[in-house]
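Notes for the one structure printed next.
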Amino acid sequence: MGLSPEARSALQTIGNAAIGVGLGMSVLGIAFVVSQFAAGQGSVAQATSSPANPTLNAAALLLATAPSTPPPSSTPSPTLAPTAAPAASTPTPSPSATADPMTAAAYTASGKRYAALSAPVGYVFLAPLSGTVRVSLYQLIDGEVRVGSSVPSLPFFPYLTLESTDRRIIYRPGALNADTELLVKNGDRAEIGTPLFKAIGEGASSWRTFYDRGVTANVIASVAALPSGSELDPVAFFPTR
């Protein structure tokens, strides 16, 4: 027996509804699968990005275990060390700054002024002015002072005169070749600073042998002005260098 139009319409409606439900379930199933897949991907992404921390931890570990570099030494490096001051700021004393061991003391005899010069053995007397040298040799023979004599058994005592245009200096050192070594000879021209004679012994000036046993100085010197011949203060003329 055939279905009535009403029944056929109802069945069609139910079928359509069943198809709709099936489609809906399919969509839900697909959505579920998709959601699960997305959740899995998220987990994978999270798992993939999570090693960043271990990387940082490994880097920190490498830094922690790396050999420590010692701190810079507090001692300045050679290039930063203060350099020596220029020579100009620390002048080296010149030989002229060394104290002269010669001393000059006033000595008077027969109303005349002399300079008693004392110096150690090895001291060289230099010319204080430019002039001509004259050398005379004296001997004491039978208590008399003689010049030009030649008695080999008796000591010779030199008198050395240095004469410029306006000054005359006479040196009376000790015995020749025993206490005094002449470094110039009669008639020589001496300039300022020229070595005249050297003290080679500790004997006193010839003045001790000739006139005064109390003399102990190496040299008795006198200074006169020329052409007048008037005496000048000899001590002032022999300042220590």
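The values are calculated or read from the model by the stated rules, or taken from the named source; none is laboratory data. A quick note: this is a predicted structure, and the numbers were derived from the prediction, not measured. Glycine also receives a Cβ, built like all others from the backbone with ideal geometry; neighbour counts cover every protein chain displayed. Remember, those area values only see protein heavy atoms, side chains included, never the ligands or the DNA or RNA. Shrake-Rupley method; radii C 1.70, N 1.55, O 1.52, S 1.80 Å.
Within the range 211-241, being of a type in the set (S, T, N, Q), within 13 Å of R168 (Cβ to Cβ) and assigned to a loop (DSSP other than H, G, I, E, B) holds for S228, S230. Quick check on my filter: what residues within the range 109-144 are of a type in the set (A, V, I, L, M, F, W, C) and out of contact with any strand residue (DSSP E or B) (no Cβ under 9 Å at 6 or more places or on another chain)? Result: I141, single match.
Within the range 195-209, not a single residue is of a type in the set (G, A, S), out of contact with any Asp or Glu (no Cβ under 6 Å at 6 or more places or on another chain) and open to solvent by 50 Å² or more (accessible area, probe 1.4 Å). Among the residues of the range 162-176, those identified as under 16 Å from V145 (Cβ atoms) and assigned to a loop (DSSP other than H, G, I, E, B) are P173, G174, A175. Of V147, V151, all but one fail to be open to solvent by 50 Å² or more (accessible area, probe 1.4 Å) and over 46 Å from the mean Cα position of the chain (by Cα); the exception is V147. Taken over the range 200-232, the criterion of being under 28 Å from D166 (Cβ atoms) and within 44 Å of the chain's Cα centre (by Cα) is satisfied by A217, N218, V219, A221.
Does R208 satisfy the condition of being of a type in the set (D, E, K, R) and either outside any strand (DSSP E or B) or modelled with pLDDT under 95 (or both)? Quick ask: steps written out before the conclusion?
Values: of a type in the set (D, E, K, R): yes; either outside any strand (DSSP E or B) or modelled with pLDDT under 95 (or both): yes.
So R208 passes the test.
Quick grid of which residues meet (1) assigned to a strand (DSSP E or B); (2) over 25 Å from F237 (Cα atoms); (3) modelled with pLDDT of 95 or more; (4) aromatic (F, W, Y):
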| residue | (1), (2), (3), (4) |
| --- | --- |
| Q139 | yes, yes, yes, no |
| S150 | no, yes, no, no |
| S153 | no, yes, no, no |
| L160 | yes, no, yes, no |
| A178 | no, yes, yes, no |
| E181 | yes, no, yes, no |
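Residues in the range 113-126 that are open to solvent by less than 50 Å² (accessible area, probe 1.4 Å) and either at pLDDT below 95 or part of a strand (DSSP E or B) (or both): Y114, A115, A116, L117, S118, V124, F125. Could you tell me which residue of the range 122-166 is farthest from D100 (Cα to Cα), considering only residues that are of a type in the set (D, E, K, R) and touching a residue at least 60 places away in the same chain (Cβ under 8 Å)? Residue satisfying both the conditions and the ranking: D166. Cβ separations smaller than 8 Å between residues 6+ apart or across chains give the following pairs from the range 105-121 residues that are within 14 Å of W207 (Cα to Cα) and of a type in the set (K, R) to residues that are buried (at least 21 other Cβ atoms within 10 Å of the Cβ) and modelled with pLDDT of 95 or more: R113/Y107. Among the residues of the range 150-202, those identified as closer than 21 Å to A225 by Cβ and among the hydroxyl-bearing types (S, T, Y) are Y159, T161, S164, T165, Y171.
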